[in-house]
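Coordinate-derived values only; no laboratory data. Bear in mind that the values here come from a model prediction, so they are computed numbers and not experimental data. Neighbour counts are summed over all protein chains in view; Cβ atoms, including those assigned to glycine, are modelled from backbone coordinates with ideal geometry.
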Amino acid sequence: MQVARSLIGKFLVRSCNGRELAGKIVEVEAYVGPQDKACHASKGRTARTDVLFGPPGISYVYLIYGMYYCLNVVTERTEFPAAVLIRAIEIEGELIDGPGRLCRAMQIDRSLNRWNMTDGNQLWFEDRSVVVQKSDVGAFTRIGVDYAGKWAQKPWRFRLNGAECKSRKRS
DNA sequence: AGATTGATCCAT
DNA sequence: TGGATCAATCTG
């Protein structure tokens, strides 16, 4: 949650066969704990959600709707399942809006699932000292989780103001 | 608005 | 083993 907010303005860096892509994180969503019905781990610990119960700083990449990957990073302590979904970034001034498009642009797939993002290898975060005022970040309801009842109402999506919302509706 | 697409999960 | 589900995107 706080982690999600603090990730806004940080950079996601992807190093892949010789070239490096870096993007400023513009939108994220938090999925917090076993009670959060929108969190994949709320249905219990399975082969797929096992990583969420592990240590923080590890990636959680999965296929959705049979065609698109989503990139998350595990945030909380071991045994407490929580993650932050990276929804949108800005690469060299171009807005990549939507988790599926983001993973396509950065060539992220299942091979980067359970990746250690803390040792600067292939995929990691960087703080490039972008100043983000608290007033620059808006909180909104999460997207695509209407099934989650009251948890769907939680304002756990954070977006940098000024980045126009092209993916899905709402704001 | 509708189709697409396949891993995952749980009930037969 | 089969069917329902899904943190999305594209096309019309």
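Here are some notes:
- In straight-distance terms, cross-link reach from A:LYS10 covers every one of the aspartates and glutamates whose alpha-carbon lies under 12 Å from its own, apart from those fewer than eight places away in the same chain; here that gives A:GLU27, A:GLU90, A:GLU126, A:ASP127.
- Positive-end residue, the range A:1-133 charge dipole about Cα centroid, Cβ charges, pick of A:THR49, A:SER15, A:VAL32: A:THR49
- One Cα centroid belongs to the range A:10-27, the other to the range A:73-126; the line between them spans 9 Å.
- Value of Rg to Rh for chain A (Rh from inverse mean 1/r over Cα pairs, i.e. Kirkwood): 0.93
- Estimated [θ] at 222 nm from DSSP helical runs (n ≥ 4, -39500 (n - 2.57)) normalised by residues in chain A, nearest 500: -2000 deg cm²/dmol
- What the Cα convex hull of the range A:19-68 gives, in volume per residue, is 142 Å³.
- Ordering of A:126-137, A:141-152, A:69-80 by packing [mean C-beta count within 10 Å, highest first]: A:69-80, A:141-152, A:126-137
- Per-residue ³J(HN,Hα) for the range A:85-93, Karplus 6.51 cos²θ - 1.76 cosθ + 1.60, θ = phi - 60°, Hz, x for Gly and Pro: 8, 8, 9, 8, 9, 10, 10, 6, x
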